[in-house]
Amino acid sequence: MKLPRPLRLTAFMPRSIAFRLIAAVLTVEFAAAILTVALSFGFERHIHFHTLDVLMHGHVDTILGAVQESSDGKDNVMLVQADLHLPKEDVWEVLDSSGRVLGISPNWQGVAPESIPTGHGAFLQMVINGHHFHLVRRQGTRLVDPGEEGGGKPRTVTVLYGARINRVWEAIWASVEFYALGSGILLLVTGPLIAWLLHRGLLPLRQLAAMAAEVSANSWTFDPPASARRTPELAPLTLALENVLQRLERSFVQQRTFVSDSAHELKTAVAVVKSSLQLLALKRRSAEEYQTGLERCLNDSLRIEDLVAKMLTLAREENAAPVSQAAQATDLADCLRQTVAALETVAAVRDVQIHVVAAGTAVTPVFIPLAGEDGALLFNNLVLNALQHSFRGGEIEVRFCSDAKTALIEIEDHGEGIPPDALPHVFERFYRGDPSRNRNTGGSGLGLAICKAIVERVGGSIAIASQPSLGTSVSVHLPLAQQPS
């Protein structure tokens, strides 16, 4: 699929993920290259100087092997230089125990006694004839007259041997340059390769963004690429986008339906008022007829006012911020009893009895995070709905209880019930199970939608279970609020 040009242009911008990843990888590689060069320098220096020390000790052993007993009869030693085959650029000097020079290389004038390093195998760095030398001091013992009693007389010989280190440093720096050049070539090769791999690896993300960009208010189709679903890092993002878009689509469709249903309800009510007024204006009527017509118009206007008030209440509840438990609190038992008392007249007219039962909470008050008017509106809608669908002579039970965190309110009637096909839609706005929209059997269809908005705003839940001709049970779970001081 051909990607949009903006995605291609921003793929390697300084703030893009690809640019940051490439910069991070190249930075790590550059640091690793520097560390490699530094370690190679230390390693090569150790190896070359160790090799030099071994060679120098070998030459010193050769010199000590050339020290023999002197023929002057004074029990001294001498150096036989004819047996020495040493590098011409090296310097050396052989001393006996008295400091007498037994032999010295022709390219050296010796070293001052105070400059001689102490200790067996000690090293010294010196500049001789403009060149840097690495010197080693080594002592050895030779026996004079070994055939005599006591095994002969030991004579101590000190050897100073030096080798030029210019070539050693040249070899070290040649090795370091090789490592540095190899690291530089590796950076030059891996840089474009990493950029290409990241560009290819981020292709599912760009495809996902392109698919998401095609979603609009008129087209909610979102089909993520299979590569995004298979990628572990993108699979959660893909699922989240699908869920968000589905919720947005439902909200958008619900909003459209709400506007359409609101317009329908208001248009019908206004048309009834208009037709009533037009009917009165067709001919001259008596005072009683005018009074009856005006009363009808007034009742229709009150119905419109009630509808608008419920729409405003629903909008307020749905758009209100979530309520904290400490913000407000209402005594649940008191709120339920006031609701039942306010509906006693309606219950008496319909010959229905309402019972309020507290399960285990008669002594300890139960507080819910609702304002008094919201609690009254919630329970008034639920109890009134139960009254409207109860048979004459029936009963309604209002039960409530609580545990450590939540309160449970159940409102159960034994009336006509709700058809199974209508049960999933009872909380939808303007939905009424009666398709005829009879004013006597149903209201505006906003009561249960308002109840759900009130309950969910405080973090609760509401559910309805019903069977036709057996009754309906509404269960409301609300979090507990702190008891007001």
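The figures follow:
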read-out	value
Single unsatisfied condition, E373 versus (1) without any contact (Cβ under 8 Å) to a residue 40 or more places away in the chain; (2) over 20 Å from D334 (Cα atoms); (3) under 48 Å from the mean Cα position of the chain (by Cα)	(2)
The stretch 455-472, residues that are in contact (Cβ under 8 Å) with a residue 60 or more places away in the chain and within 35 Å of the chain's Cα centre (by Cα)	V455, R457, V458, G459
Of all residues making up the stretch 388-412, the number that are in contact with a His (Cβ under 9 Å, 6 or more places away or on another chain) and closer than 26 Å to G459 by Cα	7
Any hit, the stretch 363-375, residues being surrounded by fewer than 17 Cβ atoms within 10 Å (Cβ to Cβ) and at pLDDT below 80	yes
Residue identified as within 30 Å of F43 (Cα to Cα), part of a helix (DSSP H, G or I) and at pLDDT below 85 among G184, G191	G191
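Residue-wise test of (1) modelled with pLDDT under 80; (2) out of contact with any Ser or Thr (no Cβ under 7 Å at 6 or more places or on another chain); (3) farther than 30 Å from D145 by Cα.
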position: D61; (1), (2), (3): no, yes, no
position: D72; (1), (2), (3): yes, yes, no
position: D75; (1), (2), (3): yes, yes, no
position: H85; (1), (2), (3): no, yes, no
position: V91; (1), (2), (3): no, no, yes
position: G103; (1), (2), (3): no, yes, no
position: W108; (1), (2), (3): no, yes, yes
position: P117; (1), (2), (3): yes, yes, yes
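The values are calculated or read from the model by the stated rules, or taken from the named source; none is laboratory data. Note that the structure is predicted; figures quoted are calculated from it, not measured. In this analysis, Cβ positions are derived from the backbone assuming ideal geometry, glycine residues included, and neighbour counts consider all displayed protein chains.
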